[in-house]
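One structure is given below, encoded as structure tokens.
The values are calculated or read from the model by the stated rules, or taken from the named source; none is laboratory data. Note that this is a predicted model, so its numbers are computed, not measured. Methodologically, a virtual Cβ is constructed for each residue, glycine included, from the backbone with ideal geometry; neighbour enumeration extends over all protein chains shown. SASA here: full protein model, heavy atoms, side chains in, ligands and nucleic acids out. Shrake-Rupley method; radii C 1.70, N 1.55, O 1.52, S 1.80 Å.
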Amino acid sequence: MAGETDHKLRGNYEHMRPDYTVDQPWREYSQAEHELWRRLYQRQASLVPKYACQEFNDSLNALDCSAGIPDFAEVNPKLKAATSWEIVAVPGLLPDKTFFEHLANRRFPVTVWLRTPEEFDYIVEPDIFHDFFGHVPLLFNPVFADYLEAYGKGGLKAEGLNALDFLARLYWYTVEFGLIETRKGLRTYGAGIISSGGELPYCIDSADPNRIGFDLMRIMNTRYKIDTYQETYFVIRDFKELFDATAPDFTPYYAQLHGKAPHAPWEVLPGDRVLHRGQSPRRAA
Ligand code: PHE
Ligand code: CO
């Protein structure tokens, strides 16, 4: 989602439709861009078998987009058949309302442009590699797919309740940076992690960050940082936990949250189900 941006957006918003979609200019990607995609893909593909959840890995393998930047027109029939989702091409970040409307209608917006080679390790704005590699495989999972649709509907409702900050935190700590307990141990399903070379090993192996059991109200009341590895990860037991916890009407939740001061990203609270307490030295004080 758009969040707060203080710099000019990078995409070309000139030729879009009113819903911000464009045609994916697939034939216009250069050989160098396809090559950069392959390099990005290979690095992440070597890490996800160990660090991402099985649902992600199975879908990624079925998609097989290792050869170059994917053509959305080829992916959509498969995705529609699996979960009735589709991906739509967009110039870049979207206004919140537009983003929510797409999700509420089972359309996932994917940015059309690819980062530059200098941004191989780190990019601020989401590009096609983050959006596609990170997000699209999980859209094949029926429960996660339903969660994301519900999130979009919830977003449209939250706008009128002045509650977008709370919902943005939920998206951040689940869809972008969520961890999940599996029979093979802790894994991630978060797109922000899955598209990052450094954070994939870090989120599971590092002693630095907290790993705390999923708690909806706790998450919606916890600030996050966008420019460092996360200091706290929240861990779901399965996608059903996520779906069920978010099914109730949030209106009374928001009323409660409006009266509270948010927690800092590194805090561990008395009620937390602590799977791992972060050892980061900066938290020692
Ligand atoms: N149930 C929430 C509401 O009533 C909507 C929601 C669903 C929000 C899933 C986030 C995730 O507002
Ligand atoms: Co994302």
Nearest 10, in degrees from 0 to 90: the angle of helix 31-51 to the longest Cα principal axis of the chain is 30 degrees
Mind telling me which of 183, 107, 17 comes out most flexible in a GNM of the chain, alpha-carbon contacts under 10 Å?
183
Where the centroid of each part is defined by its Cα atoms, how far is region 46-77 from region 210-272 in Å?
28 Å
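Quick check: net charge around residue 108, other residues with Cβ under 14 Å of its Cβ, Lys/Arg +1 and Asp/Glu -1?
Numbers: positive: 78, 80, 106, 107; negative: 19, 86, 101, 131, 146, 149, 176.
So the surrounding residues net to -3.
With a 1.4 Å probe and every protein chain kept in, tell me what percent of the accessible surface of the chain is carbon plus sulfur. Before the final figure, lay out each step's value.
Numbers: 6810 of 13090 Å².
Answer for the chain is 52 percent, counting heavy atoms of protein chains only.
Under the 0.36 nm per residue contour assumption, what length would be gained going from the current alpha-carbon distance of residue 153 and residue 34 to full extension? Write out the running numbers ahead of the final one.
Values: separation 119, 0.36 × 119 = 42.84 nm, distance 3.51 nm.
This chain segment gains 39.3 nm when fully extended.
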For the chain, with +1 on Lys and Arg beta carbons and -1 on Asp and Glu, the positive-most of 275, 201, 124 along the dipole:
275
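With n ≥ 4 as the cut-off for DSSP H runs, can you work out [θ] at 222 nm for the chain, using -39500 (n - 2.57) per run divided by the number of residues, rounded to the nearest 500? Could the numbers behind the result be given before it?
Values: 11 runs with 110 residues, N = 285.
Rounded to the nearest 500, it is -11500 deg cm²/dmol.
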Quick one: check the C-alpha center-to-center distance for region 123-139 versus region 145-162, whole angstrom.
20 Å
At a probe size of 1.4 Å, how large is the accessible area of residue 84, to the nearest 10 Å²?
80 Å²
Quick one: among 116, 174, 228, which has the greatest mean-square fluctuation in a GNM of the chain with alpha-carbon springs under 10 angstrom?
228
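Dipole size in debye (nearest 20) for the chain around its Cα centre, Lys and Arg Cβ +1, Asp and Glu Cβ -1?
Values: 31 positive and 40 negative charges, 150 e Å.
Here the size comes out at about 720 debye.
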Calculate how steeply helix 72-83 sits against the longest principal axis of the alpha-carbon atoms of the chain, using the helix alpha-carbon long axis, and give the answer as 0 to 90 degrees to the nearest 10.
50 degrees
For a Förster distance of 22 Å, can you work out the FRET efficiency between the beta-carbons of residue 80 and residue 17, rounded to the nearest 0.05?
0.65
Using only Cα atoms, find the angle between the long axis of helix 54-63 and the longest principal axis of the chain, and express it within 0 to 90 degrees, rounded to the nearest 10.
10 degrees
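Under the Kirkwood approximation applied to all pairs of distinct alpha-carbon atoms, what is the hydrodynamic radius of region 1-111 in Å? Don't skip to the end; give the middle numbers.
Details: mean 1/r = 0.0636 Å⁻¹.
Mean inverse Cα-Cα distance, inverted, gives 15.7 Å.
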What is the spin-label model distance, in nm, from residue 119 to residue 263 if the labels are put 7 Å beyond Cα along the C-beta direction?
3.3 nm
Which of 46, 148, 214 sits farthest toward the positive end of the charge dipole of region 26-284, with +1 on the Cβ of Lys and Arg and -1 on the Cβ of Asp and Glu?
214
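Among the listed pairs 8/80; 157/260; 80/153, which have their C-alpha atoms separated by more than 28 angstrom in this model?
Values: 8/80 34 Å; 157/260 21 Å; 80/153 20 Å.
Beyond 28 Å: 8/80.
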Given 20 °C and 1.002 mPa s, compute D for region 228-275 with the Stokes-Einstein relation, Rh being the Kirkwood radius over Cα pairs; round to the nearest whole µm²/s.
161 µm²/s
For the chain, radius of gyration divided by Kirkwood radius, i.e. Rg to Rh on alpha-carbons:
0.94
At most 11 other C-beta atoms within 10 Å and a DSSP loop state: those are the exposed GluC sites (Glu not before Pro) I care about. Give me the longest piece of the chain that has none.
15-285
Per residue, how large is the accessible surface of the chain? Use a 1.4 angstrom probe and give square angstrom.
46 Å²
